[in-house]
Amino acid sequence: MTSNGKSIVDALGSSKLYQDYCRAFNDLTGLPLTLRPVESWQLPYHGKRNENAYCAMMALKSSTCASCLQTQQSLSERATKEARTMTCSSGLSETAVPIRIGERLVGFLQTGQVFRRKPTAGQFDRLARQVMSLGTPLSPDDLKRAYFGTRVLSSKEHEGIVRMLSVFSQHLAMVSNQLVVRQEHPEPAMVSRAKEFIEDHQAEDLSLTDVARAVNASTFYFCKVFKKSTGINFTDYVSRVRIEKAKNLALNPNLRISEIAFEIGFQSLTHFNRVFKRITGMSPTQYRAQLPSS
């Protein structure tokens, strides 16, 4: 897994939960939506549903899309703790909502390409002169039509959309480990068998060699295929399976944290606490405290 949480974002983005939400968001708001890792050097909505026509024109030439990329970079730097909105040089607004797992920032939910105030003719004229001076093969009429066809959001509408994305980002963070463990994309039969073996023996002292032998593969080959398919290494995957089990066991108030740790295969309570917090963003005690009381 990369330090910026790219594999987590990949798993979230390919999940049915996110795909269903993205379609609903697109249908409801008419705006684009993307889920991107912390470090991303691409235009976030290019080629995606509801991409703004004016922005799509700007993306055709590097000289005109450079400003957009600078806006994305600035937004990434500012939206690390809470949702932030910035206005690009063309006057359109971009909003990024951070997805955090505890103290760790793993990615952003991002939408935008909208006006928050109605554009003026003078504003467009100045912009059009700058764009044309760069030698772009665009029709001024097409550019004007796309620019003034951009959605204008009221303050209330924009605030509602940001709140909606903030709630969803919190939900994604809560279920991120479950989605990483239970990715739904097709995978090699060997990896599926390995996952079943890990699930059945997760309380034991599992090693990479044990699992590779169980699926009739060499350790080197299994390690390579498993990481390529899941996006994470074997040790991290086993830890995540165990933590999912621990979260279920934590629902039983009669079980002590130490009992849960040993039940799922940890020989050290300190190690269990450290792994649990790394994956969920909170300690086992904090996680149990925020569960709804029965």
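The values are calculated or read from the model by the stated rules, or taken from the named source; none is laboratory data. Computed from a predicted model, the values in this text were never measured in an experiment. Cβ atoms come from the backbone with ideal geometry, glycine included; neighbour counts cover every protein chain shown. Protein only, heavy atoms only, side chains kept; ligands, DNA and RNA dropped before computing areas. Shrake-Rupley method; radii C 1.70, N 1.55, O 1.52, S 1.80 Å.
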Legend entry - Residues (modelled with pLDDT under 85 and under 21 Å from the mean Cα position of the chain (by Cα)) located in the stretch 45-62: H46, G47
Inset, instruction - Go through the stretch 53-111 and give me each residue that's open to solvent by 40 Å² or more (accessible area, probe 1.4 Å), in contact with a strand residue (DSSP E or B) (Cβ under 7 Å, 6 or more places away or on another chain) and hydroxyl-bearing (S, T, Y). - result: T80, T85, T87
Legend entry - Inter-residue pairs, beta-carbon under 6 Å, first farther than 9 Å from A53 by Cα and in the stretch 138-149, second not in a helix (DSSP H, G or I) and not basic (K, R), 6+ apart: none
Inset, instruction - Can you run down the residue pairs with Cβ atoms below 9 Å, 6 or more apart or on separate chains, where the first is in the stretch 49-74 and outside any loop (DSSP other than H, G, I, E, B) and the partner is open to solvent by 30 Å² or more (accessible area, probe 1.4 Å) and of a type in the set (V, I, T)? - result: T71/T87
Inset, instruction - Determine, yes or no, whether R213 is basic (K, R) and under 24 Å from S14 (Cβ atoms). - result: no
Inset, instruction - Within the stretch 242-290, work out how many residues are in contact with a helix residue (DSSP H, G or I) (Cβ under 9 Å, 6 or more places away or on another chain), without any contact (Cβ under 8 Å) to a residue 60 or more places away in the chain and of a type in the set (A, V, I, L, M). - result: 10
Inset, instruction - For residues that are assigned to a loop (DSSP other than H, G, I, E, B) and of a type in the set (A, V, I, L, M, F, W, C), tally how many sit in the stretch 18-48. - result: 5
Inset, instruction - Scan (1) in contact with a Gly (Cβ under 7 Å, 6 or more places away or on another chain); (2) without any contact (Cβ under 8 Å) to a residue 60 or more places away in the chain for the single condition K228 breaks and write down its number. - result: (1)
Inset, instruction - Would you mind stating whether S166 is under 34 Å from the mean Cα position of the chain (by Cα) and exposed (fewer than 12 other Cβ atoms within 10 Å of the Cβ)? - result: no
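Matching residues to (1) open to solvent by 20 Å² or more (accessible area, probe 1.4 Å); (2) within 35 Å of the chain's Cα centre (by Cα); (3) at pLDDT 90 or above:
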| position | (1), (2), (3) |
| --- | --- |
| T120 | yes, no, yes |
| F124 | no, yes, yes |
| V131 | no, yes, no |
| P140 | yes, no, no |
| A146 | no, yes, yes |
Inset, instruction - Tell me, please, whether a residue that is in contact with a Ser or Thr (Cβ under 7 Å, 6 or more places away or on another chain), in a helix (DSSP H, G or I) and either more than 26 Å from I243 (Cβ to Cβ) or not aromatic (F, W, Y) (or both) can be found in the stretch 170-190. - result: yes
Inset, instruction - Can you give me the number of residues within the stretch 261-278 that are in a loop (DSSP other than H, G, I, E, B), open to solvent by less than 60 Å² (accessible area, probe 1.4 Å) and not aliphatic (A, V, I, L, M)? - result: 3
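Return the residue satisfying two criteria in turn: it lies in the stretch 279-294 and is touching a strand residue (DSSP E or B) at 6+ places or on another chain (Cβ under 8 Å) and under 15 Å from R242 (Cα atoms), and of such residues it is most open to solvent (accessible area, probe 1.4 Å).
T280
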Inset, instruction - Could you tell me which residue of the stretch 221-235 is farthest from P292 (Cα to Cα), considering only residues that are modelled with pLDDT under 90 and open to solvent by less than 40 Å² (accessible area, probe 1.4 Å)? - result: S229
Inset, instruction - Just need a number here: residues in the stretch 191-220 that are outside any helix (DSSP H, G or I) and either under 19 Å from Q267 (Cα atoms) or open to solvent by less than 30 Å² (accessible area, probe 1.4 Å) (or both). - result: 8
